[in-house]
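What follows is a set of notes on a single structure, which appears directly below.
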Amino acid sequence: MNKNYFPIAVIAIVTNSCNLGCHYCYADQSAEKGIMDLKTLENMITKIALYNNGQSNTKFIWHGGEPLLAGLNFYQDAMTIQNKFPGCAFKNNIQTNGTLINQDLLDLFKVNNFYVGISLDGDAAAHNRNRPYKNGKNSFEDVFNNLLKVKENNIPTSIICVVNKTTEKHYIQILNFFKEHSINVKFNPQFPSGRASENPDLGLSSVEFGNLMITIFDKWFYDDTNPVIDIKPFSEIIGNLFEYKNNQHKRIIPFDCTFRNDCANSFLTVDPGGNVYTCGRFAGNPHFCMGNINSNSIEEMLKQKPVEIFQERSIRVHQDCADCSYLAICNSGCPEFAYAFTGDVLEKDGYCQGYKMLFSHIEKSIMNELWDGLANPQESQTDQPASQHVELLGRIINLRMIKNPHIRNIVQKRFNRNTNQYLQNQKRNLNNQDIALRS
């Protein structure tokens, strides 16, 4: 039984197989092969449901490889097993390349309230450069058409777009494409392992990553034309910065798992054979295997050495980060990227310099835009409905006076007095973030 307040989420790697041949795929070739069988599926759902003791928002993130290679019956079985635990409020997210979505799957997603994340690297030209089928055929048309079907069925969705040299060269076309089609997106840095290591020319240095993200941020942030789209991690960084300042520079729980540094207390990853790891990118690495879901209890796996290492990282401040102004919203970054760059999860994120550049730029931009955008500071105190006011940085501000639409949307969600429950629910469930955990 989970004695912690927060439930643990499961990243279920249904299969490591995939029908695409992405040039930057991070998958470890030594990872478990095949598709998760019914025994493993049942043990995984049963053990996590019992461990979480019926807590709200027990989350399953169905992942791969390409998880839809498992077929419709697999997910029907998963829902049948979840329904055996009516006291456990399950949330199901799936991260797919989008090529195999059909109406039967859409019906299942809709009935069971799935959130569908799709990998799409922008317009056809940008996407097809790096995400072809294994036979070399372009995949954009299939992915985009299926994305439209997901939206037509009113299934919540968002996009992962991998940031690399291709993005650097074509970011304007990519941004225009997402905006034209009202697509919310998260930009993830390319993960330096697997096939990405065989194509080093695609990767960005930390400084190149920082400069590109700043360029993309400015293009997005100062565009106030409709439709207004959400771009992560920008919106989450803005919210984290405001919350940190609102909290008088005390410790906060940042949105976005990249910056939370709480993997050991938040996630378990189960691979197709039932082997359990702290996070998905470590699947196949025996140094980070905690046991097997078919033969070990959750309690005993959480006492293993890999968990101790991650817990040490969560409480130990890296010497290079101790005096950093952004420690509270970054926490030395992602341990997966630390390990990929240095071979040591206790090190800081390999994109540290780039993120620090981005944090500094965003902080200056939002403070200038916020105060400059308040048409009349005295108007912020007028007798408007309480729902139109937020307490931000020591002032009561009328939301209508915040001119920048991105700041206004973020502030309204995270600081509006009438939507405080939104933030409380997010903090109660640390795992209920967007599912763009990896590229």
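The values are calculated or read from the model by the stated rules, or taken from the named source; none is laboratory data. Not measured: the values here are computed from a predicted model. Neighbour counts are summed over all protein chains in view; Cβ atoms, including those assigned to glycine, are modelled from backbone coordinates with ideal geometry. SASA here: full protein model, heavy atoms, side chains in, ligands and nucleic acids out. Shrake-Rupley method; radii C 1.70, N 1.55, O 1.52, S 1.80 Å.
If the chain between residue 181 and residue 198 were fully stretched, how many nm would it gain, using 0.36 nm times the residue separation less the Cα-Cα distance?
2.8 nm
What accessible area, in Å² to the nearest ten, does a 1.4 Å probe give for residue 204?
Accessible area, nearest 10 Å²: 20 Å².
How about residue 110: which lysines have a C-alpha closer than 23 Å to its C-alpha, ignoring those fewer than 8 places off in the same chain?
59, 84, 91, 149, 151, 186
Over all directions, how big on average is the projection of the convex hull of the alpha-carbon atoms in the chain, in square nanometres?
One quarter of the hull surface, i.e. the mean projection, equals 20.2 nm².
What value, in deg cm²/dmol to 500, does the helix sum -39500 (n - 2.57) over DSSP H runs of n ≥ 4 give at 222 nm once divided by the residues of the chain?
Value at 222 nm, helices only: -12000 deg cm²/dmol.
Excluding residues on the same chain fewer than 8 positions from residue 33, give the lysines whose Cα lies under 23 Å from its Cα.
Within reach: 47, 134.
Amide H to amide H under 5 Å from residue 53: which residues, 5+ apart in sequence or cross-chain, H placed 1.01 Å off N in plane?
Amide H to amide H, under 5 Å and 5 or more residues apart or across chains, residue 53 pairs with 2.
Provide the three semi-axes, in whole Å and in decreasing order, of the ellipsoid equivalent to the stretch 88-211 as defined by the square roots of 5 times the Cα gyration tensor eigenvalues.
Equivalent ellipsoid of the stretch 88-211: 27, 16, 15 Å, largest first.
What is the spin-label model distance, in nm, from residue 403 to residue 33 if the labels are put 7 Å beyond Cα along the C-beta direction?
6.2
Could you give the accessible area per residue of the stretch 111-180, probe 1.4 Å, as a whole number in Å²?
For the stretch 111-180, the solvent-accessible area averages 43 Å² per residue.
Quick one: Karplus J couplings for the stretch 59-68, per residue in order, coefficients 6.51, -1.76, 1.60, θ = phi - 60°, nearest Hz, x for Gly and Pro?
Here the 3J(HN,Hα) series is 10, 10, 10, 7, 9, x, x, 10, x, 6 Hz.
Calculate how steeply helix 234-246 sits against the longest principal axis of the alpha-carbon atoms of the chain, using the helix alpha-carbon long axis, and give the answer as 0 to 90 degrees to the nearest 10.
Result, in degrees: 60.
How many percent of the accessible area of the stretch 248-318 is carbon or sulfur, using a 1.4 Å probe?
Here it works out to 49 percent.
So, for the stretch 188-303, what is the accessible surface per residue at a probe of 1.4 Å, expressed in square angstrom?
It amounts to 36 Å² per residue over the stretch 188-303.
Could you tell me what percent of the DSSP beta bridges with both partners in the chain are antiparallel, to the nearest 5?
Around 30 percent antiparallel, to the nearest 5.
If I model a spin label as a point 7 Å beyond the Cα along the Cα-Cβ vector, how far apart are those points for residue 141 and residue 247 in nm?
Distance between the two pseudo-spin positions: 4.9 nm.
Solvent-accessible area of residue 228, probe 1.4 Å, all protein chains present, reported in Å² to the nearest ten, please.
50
May I ask you to give the percent of accessible area on the stretch 109-210 that is carbon plus sulfur, with a probe radius of 1.4 Å?
Using a 1.4 Å probe with all protein chains present, the stretch 109-210 comes out at 48 percent carbon and sulfur.
Using only the Cα atoms of the stretch 1-158, what are the Rg and Dmax in Å?
Cα-based Rg and Dmax for the stretch 1-158 come out at 16.4, 50 Å.
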